Amino acid sequence: MLPPGQRLAKGWPVSHYGPVPRFRPERWTLQVFGATMSGEKYSWAYEDLAALPRVTVFADLHCASGTSTTGHEFFGVPASILLELAPPAADVSHVMAWAEYGYSANLRLSVFTADSTVMATHHNGEPLTVEHGFPLRLVVPHLYGYKGPKWLRAIEYMTQDRRGFWEERGFHNIADPSTGRRHSYQEGESR
Ligand SMILES: Nc1nc2c(c(=O)[nH]1)N[C@H]1C(S)=C(S)[C@@H](COP(=O)(O)O)O[C@H]1N2
Ligand SMILES: [Mo]
């Protein structure tokens with residue numbers, strides 16, 4: 001069953017704001033910055049990704065506009081590995097996931113480091129297509145699609161919450177599809 005207000009899309013439509021960025025491997029990095037424990041920034045080049053652990057995660061994708069696609073198999077780097085590779089300061093409560101062109105999505109640290117949150121490189125056994133986020137796309141299976149930046153480039157550790165791109169533009173800060181609540185005016189509503 002789909003969450004409230006969702007209908008099944010045909011195939012896997014592409015949906016995002018703005019143009020598809022060109023991948024330039026020599027300039028590409030994944031960074032972790034903000035409130036790290038060491039105070040340092042961390043950075044990985046594209047080739048470095050291959051050395052990181054990988055997991056497979058199954059996910060349905062629910063766009064807040066009301067279309068869903070189901071049965072995706074994503075493969076990539078578990079987001080929780082960053083806790084070891086780039087330890088956050090003790091008071092980090094949220095992250096901002098940053099993509100090309102300044103797209104961003106805020107997440108609670110506990111959601112970002114959940115077992116099912118993955119920085120995906122592959123989909124159904126093939127490298128991601130550029131339209132779907134190649135070379136790296138965050139997948140947060142339990143939240144609306146806007147919480148999963150395609151063309152992921154950085155994670156910012158934050159000691160308080162701050163709204164991301166769609167969260168600042170009228171979309172719900174938590175974005176849990178099971179509640180059907182997708183708009184920021186619904187944030188005060190209790191279950
Ligand atoms: N960088 C970036 N990532 C993004 C978006 C975007 O506009 N820019 N849109 C989000 C939204 S609203 C959705 S529903 C999904 C759509 O992913 P798909 O095109 O792979 O179906 O991407 C998300 N990731
Ligand atoms: Mo969306």
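Only the coordinates and a few stated rules stand behind these numbers; no lab work does. What you are looking at is a predicted structure, and each value in this text was computed from that prediction instead of being measured. Cβ: placed from backbone, ideal geometry, glycine included. Neighbour counts: every protein chain shown.
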Would you mind calculating the gained length between MET1 and ARG54 on full extension (0.36 nm times residue separation, minus the Cα-Cα distance), in nm to one decimal?
16.2 nm
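Report, in deg cm²/dmol and to the nearest 500, the calculated mean residue ellipticity at 222 nm for the chain, where each DSSP H run with n ≥ 4 adds -39500 (n - 2.57) and the sum is divided by the residue count.
Values: 2 runs with 8 residues, N = 191.
Calculated at 222 nm, the ellipticity per residue is -500 deg cm²/dmol.
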Among segment 50-88, those whose backbone N falls under 19 Å of a label point 7 Å along Cα→Cβ from LYS10 are 63, 66-71
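Once the other residues with Cβ under 10 Å from the Cβ of ASP161 are scored (Lys, Arg +1; Asp, Glu -1), what is the net sum? The partial results should precede the final answer.
Numbers: positive: ARG108, ARG162, ARG163; negative: GLU167.
For residues surrounding ASP161, the net value is +2.
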In the neighborhood of TRP12, defined by Cβ-to-Cβ distances under 14 Å, what is the net charge if each Lys or Arg adds +1 and each Asp or Glu adds -1?
-1
Along the Cα→Cβ direction, 7 angstrom out, place labels at ARG169 and ARG24. What is the inter-label distance in nm?
2.4
Please list, ordered by chain and number, the residues whose modelled amide H lies under 5 Å from the amide H of TRP166; skip anything fewer than 5 residues away on the same chain.
SER104
Run the reach check for LYS10 against lysines, Cα to Cα strictly under 27 Å, same-chain hits fewer than 8 apart removed. What comes back?
LYS147, LYS150
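How far, in nm, would the chain grow between THR129 and SER43 when pulled straight, counting 0.36 nm per residue and subtracting the alpha carbon separation? If you can, show how the numbers build up before the last one.
On the way: separation 86, 0.36 × 86 = 30.96 nm, distance 2.34 nm.
28.6 nm is the gain from fully extending THR129 to SER43.
By the scheme Lys and Arg +1, Asp and Glu -1, what is the net charge of all other residues having a beta-carbon under 15 Å from that of GLY145? Walk me through the numbers before you get to the answer.
Working: positive: ARG7, ARG137, LYS147, LYS150, ARG169, ARG181, ARG182; negative: ASP60, GLU131, GLU167, ASP176.
Surrounding charge for GLY145 is +3.
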Computed E for TYR101/HIS122 - FRET, C-beta separation, R0 22 angstrom, nearest 0.05
0.45
Just to be sure I understand the curve: with the Debye formula and one point per C-alpha of segment 26-160, what is log10 I(q)/I(0) at q = 0.15 Å⁻¹?
-0.66
Apply 1/(1 + (r/R0)^6) to the Cβ-Cβ distance of LEU85 and HIS142, taking R0 = 22 Å, and write down the FRET efficiency to the nearest 0.05.
0.40
